[in-house]
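Some notes on the structure that comes next.
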Amino acid sequence: MSQRPTFSLPFALAGIVFCICLIASNLLAIKQVMVGPLVMTGALIVFPISYIINDCIVEVWGYRRARLLIWTGFVMNFLFAVFGMLADALPAAPFWDGQEGFHAIFGLAPRIACASFLAFLVGSFLNAYVMSRMKLRDGNRRFSLRAIASTLVGESADSLVFFPIALGGIMPWDQMPVMMLTQIGLKTIYEIIALPVTIRVVRAMKRMEGQEVYDNNISYSIWKISEI
């Protein structure tokens, strides 16, 4: 009989922050901001953190725990979006004049929502897979390299899925590659800037957990959530 996993406070806290970042990114994405000459969304300040946490989870607990966390984040984000749309559909009180602003935040278009959820799943699972496979190859060395490489793959997949589905036919097709490359580049730079903090967090988590996990002989199926 296999031993059931014990409760881990660091893993639980990482999972909470992960879900908060996903939900916050949906809200902050409403605001358009300027980064130098580039137009971005406010989600830029928080969404890359989810990939950093993904890297930490795979490095410390392995792909199976990351798989659980990715699906947990997906469900929490989906529920938040559904609750927001239901609240938006409720009739506003006659004296309340905030419906237009509320709708701008919570009235997420189904096309945008589907693109966002699908892109998150594809990007997050690819990020975790690359991180896991590179660790099997390199051992506990070269964490920085696999953190950057996995983020680059994950963010690229995220953008390649999201933009054509969400903005195809709305944004000119010749401008879309520039927008995608900009998103990928800025989020990867974010990862590089945050690396010193990420490395220290990973080391602290490993000391607290007293383990070094390698994903030998595991299934990389995204559906085997019960295998943790």
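The values are calculated or read from the model by the stated rules, or taken from the named source; none is laboratory data. Worth saying up front: this structure is predicted, and the values here are computed from it rather than measured. Note: ideal-geometry Cβ built from the backbone for every residue, glycine included; neighbour counts use all protein chains shown. Side chains are part of the model used for accessible areas, which takes the heavy atoms of the whole protein and leaves out ligands, DNA and RNA. Shrake-Rupley method; radii C 1.70, N 1.55, O 1.52, S 1.80 Å.
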> From the residues in the stretch 205-228 that are touching a residue at least 40 places away in the same chain (Cβ under 8 Å) and assigned to a helix (DSSP H, G or I), which one is most open to solvent (accessible area, probe 1.4 Å)?
Replying inline: Met208
>> Residue pairs, Cβ under 8 Å, 6 or more apart or interchain, first in the stretch 105-116 and at pLDDT 75 or above, second among the polar types (S, T, N, Q). List them.
In response: Ser116/Asn26
> In the stretch 1-117, which helices (runs of 4 or more DSSP H) lie fully inside it and hold 1 or more residues that are hydroxyl-bearing (Ser, Thr, Tyr) and surrounded by 18 or more Cβ atoms within 10 Å (Cβ to Cβ)?
Replying inline: 9-28, 47-61, 63-89
> Would you pick out the residues in the stretch 35-77 that are more than 19 Å from Arg133 (Cβ to Cβ) and aromatic (Phe, Trp, Tyr)?
Replying inline: Phe47, Trp71, Phe74
